[in-house]
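Here's the structure we're looking at; comments come further down.
Please treat every number below as a calculation from the coordinates, not as lab data. Note that the structure is predicted; figures quoted are calculated from it, not measured. When we count neighbours, we look across all protein chains shown, and the Cβ atoms used for this are built from the backbone with ideal geometry, even at glycine.
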Amino acid sequence: MVTSLARQVALCAALGLAGLATAAPAATLKIGTEGGYPPWSMVNAQGKVTGFDADVGQALCKKLDTKCRFVVQAFDSLIPALQADRFDLVISGMSVTADRAKVIAFSIPYATEDSAFVLPAGSPLLKATDQKTLLQGLAGKTVGVQSGTTQGAFLQKHAPDLKLKTYETQDQMQIDLSAGRLDATFSEVTPQSQFLKAAGQGKFALADYVVKSSADPDILGQGIGAGINKSNTQLKAKVDKALCELIQDGTIKKSSQKWFGVDLSNYAACK
């Protein structure tokens with residue numbers, strides 16, 4: 001009788017533990033992203049976040065054995081929202097810069113990206129071979145940039161004579177360019193190339209001169225990284241390790257080639 005009772009108690013305890021394990025929700029990583037910056041981050045017709053950074057986020061969650069939940073909001077509000085703990089990470093084509101690093105921490109830069117101008121087809125500035133010629137040629141002209149981006153900060157510093165117009169999204173900026181309300185746009189090469197393929201082919205073209213991050217690393221940054229709250233040092237260590245594994249096993253390369261047609265993986269970050 002004692003033995004039978006002991007077995008019943010043990011069985012109940014085991015079932016209770018099993019029930020607790022089943023009921024416990026899986027950890028969820030909340031990721032802030034813009035959702036309007038193709039092909040890095042966009043929202044499809046079903047409301048799902050897609051793009052290169054969505055792939056990176058999903059792969060990262062898998063490595064960390066968590067679920068992903070994307071939180072979509074304007075790019076220039078992502079850092080304040082991260083500081084307010086509305087999400088755990090920002091993964092949204094965000095360049096690692098000295099100014100941003102004053103207020104948030106960053107993962108390793110998992111991707112690299114240059115910037116370029118889109119101009120009307122036939123513009124003589126398309127063939128400019130150096131930064132000085134290109135920026136001087138834009139003096140007095142209206143150039144569109146996305147609000148809160150490194151490209152806007154770069155033009156404010158290096159081209160004060162042009163008229164800078166900011167937009168909440170790339171789509172809004174490109175609509176104004178197509179409507180003739182802008183003389184040029186300045187953004188990262190990949191979304192600019194996507195615009196040309198989708199809507200601007202024949203009417204606009206990418207300038208030959210590409211502005212590399214090395215032109216002003218303090219402003220243009222050291223590559224694209226995930227933003228993390230400064231107080232969350234444990235998460236940063238886990239994210240850095242996981243991102244290096246994703247670079248080394250080819251996951252980021254595969255996604256980059258799918259969305260951009262080129263490999264933007266930052267292999268040097270993990271050496």
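For region 151-194, just say rounded, prolate or oblate: build the C-alpha gyration tensor, square-root its eigenvalues into a ≥ b ≥ c, call rounded for a/c under 1.5, and beyond that prolate if a/b exceeds b/c, oblate if not. It is oblate, given that a/c is not under 1.5 and a/b is not larger than b/c.
In this calculation the C-beta distance from residue 27 to residue 212 is compared with R0 = 41 Å, giving a FRET efficiency of 0.60.
Judged by the ratio a/c of the largest to the smallest principal axis of the C-alpha gyration tensor, region 115-220 counts as rounded, that ratio being less than 1.5. The count of lysine pairs in region 115-220 that are at least 8 places apart or cross chains, and whose C-alpha atoms lie under 19 Å apart, stands at 13. The amide H of residue 226, built 1.01 Å from its N in the peptide plane, has 107, 110 as neighbours under 5 Å, considering only residues 5 or more places off or on other chains.
In terms of its C-alpha gyration tensor, the chain comes out prolate, because a/c is 1.5 or above and the ratio a/b outweighs b/c.
For residue 114, nonlocal amide neighbours, meaning residues 5 or more places apart or on other chains whose placed amide H falls under 5 Å from its own, are 189.
Listed by chain and number, the lysines whose alpha-carbon sits under 19 Å from that of residue 102, ignoring those within fewer than 8 places in the same chain, are 230, 236. Hydrophobic long helices, here whole DSSP H runs in the chain with Kyte-Doolittle means of at least -0.5 and Cα atoms spread over 15 Å or more along the helix axis, are found at 2-23, 52-63, 233-248. Considering only the other residues whose Cβ falls under 15 Å of the Cβ of residue 180, what net charge follows from Lys and Arg at +1 and Asp and Glu at -1? Its environment carries a net charge of +3. Amide H contacts under 5 Å for residue 43: 50, restricted to partners 5 or more places along the chain or on a different chain, H placed in the peptide plane at 1.01 Å from N. Taking the DSSP beta bridges with both ends in region 115-220, the antiparallel portion is around 50 percent. If both residues of a DSSP beta bridge must be in the chain, then about 55% of such bridges are antiparallel.
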